[in-house]
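Some notes on the structure that comes next.
Derivation of every value follows stated rules applied to the coordinates shown; laboratory data play no part. Since the structure is predicted, the reported quantities are computational estimates derived from the model, not experimental observations. All Cβ positions, even for glycine, are placed from backbone atoms using ideal geometry, and neighbour counts span all protein chains on display.
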Ligand SMILES: *Cc1c(COP(=O)(O)O)cnc(C)c1O
């Protein structure tokens with residue numbers, strides 16, 4: 001068995017021991033299509049990519065091979081790439097402005113598609129990070145929920161980098177609270193909490209994560225050179 005398969009198997013075991021219903025996303029960014037196929041051969045079906053163009057190449061290949069993959073966009077989406085993103089992805093997790101949500105809605109209408117999206121929240125208010133600030137999200141949420149061809153299925157967050165997951169547990173807690181608050185206040189149906197990565201997924205699961213996004217923990221270290 002390959003190490004990719006071992007990693008997936010071990011992760012599944014750990015995830016299941018904390019939250020039976022949580023899903024494992026394999027984040028295949030920077031890795032080639034061969035790695036996608038390897039993970040697929042071990043039963044992995046949910047994949048995440050952070051760049052539209054890089055993802056499209058892999059998605060095209062996976063379509064040719066008739067692989068039954070659910071592709072999520074997890075990286076910042078530039079408005080001029082939103083049409084392609086709507087066409088290729090099954091879910092856009094990185095919606096971070098009302099304007100972007102409106103564009104996605106417009107293109108989804110064009111393609112006659114109901115687009116699943118998540119709203120990315122910058123819980124820790126990090127300047128270099130994308131995502132709604134909470135106040136901004138509260139200003140926009142009503143308008144976003146009213147968009148006809150968008151289905152807001154979840155909230156997503158990237159926690160600050162930290163040596164100790166306990167230091168950022170509050171971020172996961174806060175995202176969870178926010179989802180409950182939005183559901184209650186707007187009669188919404190946000191079910192997914194996409195939170196937790198290789199370094200902090202256990203704490204995220206303990207705080208209610210339903211999707212953990214794992215790259216290095218499955219495929220190994222990334223080479224950006
Ligand atoms: C790269 C990335 C991940 C995966 O990170 P790892 O540390 O490799 O597990 C998860 N979420 C987002 C948004 C990413 O860009």
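Below, the figures for the structure above:
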{"item": "Most mobile of 206, 44, 128 in a GNM of the chain (Cα contacts under 10 Å)", "result": "128"}
{"item": "Most mobile of 181, 88, 107 in a GNM of the chain (Cα contacts under 10 Å)", "result": "181"}
{"item": "Reciprocal of mean inverse Cα separation for the stretch 162-225 (Kirkwood radius, Å)", "result": "12.8"}
{"item": "Pair-distance profile P(r), taking every C-alpha pair of the stretch 121-186, with 5 angstrom steps and integer %", "result": "3, 15, 26, 25, 16, 9, 4, 2, 0"}
{"item": "Cα centroid separation - the stretch 89-103 against the stretch 1-60, whole Å", "result": "22"}
{"item": "115, 197 arranged by Cβ crowding within 10 Å, fewest neighbours leading", "result": "197, 115"}
{"item": "Label-point separation, residue 164 to residue 34 (7 Å along Cα→Cβ), nm", "result": "4.2"}
{"item": "At R0 = 35 Å, FRET efficiency that the Cβ-Cβ distance of residue 110 and residue 138 yields, to 0.05", "result": "0.75"}
{"item": "Largest to smallest principal axis extent of the C-alpha atoms in the stretch 73-193, angstrom", "result": "45, 29, 22"}
{"item": "Cα-derived Rg over Rh, computed across the stretch 107-149 with Rh taken as Kirkwood radius", "result": "1.08"}
{"item": "Rel. contact order, % - alpha carbon contacts under 8 angstrom, at least six apart, the chain", "result": "20"}
{"item": "Cα principal axis extents for the stretch 3-219, largest first, Å", "result": "46, 42, 30"}
{"item": "Long-range Cα-Cα pairs in the stretch 1-109 (distance over 21 Å), rounded percent", "result": "41"}
{"item": "Within a Gaussian network of the chain (alpha carbon springs, distance under 10 Å), most fluctuating of 114, 156, 25", "result": "114"}
{"item": "Label-zone membership for the stretch 10-31, site residue 151, 7 angstrom Cα→C-beta point, backbone N under 20 Å", "result": "21-25"}
{"item": "Relative exposure of 170, 71, judged by other C-beta atoms within 10 Å (fewest first)", "result": "170, 71"}
{"item": "Exposure proxy order (Cβ contacts within 10 Å, fewest to most) of 6, 90, 105, 68", "result": "68, 6, 90, 105"}
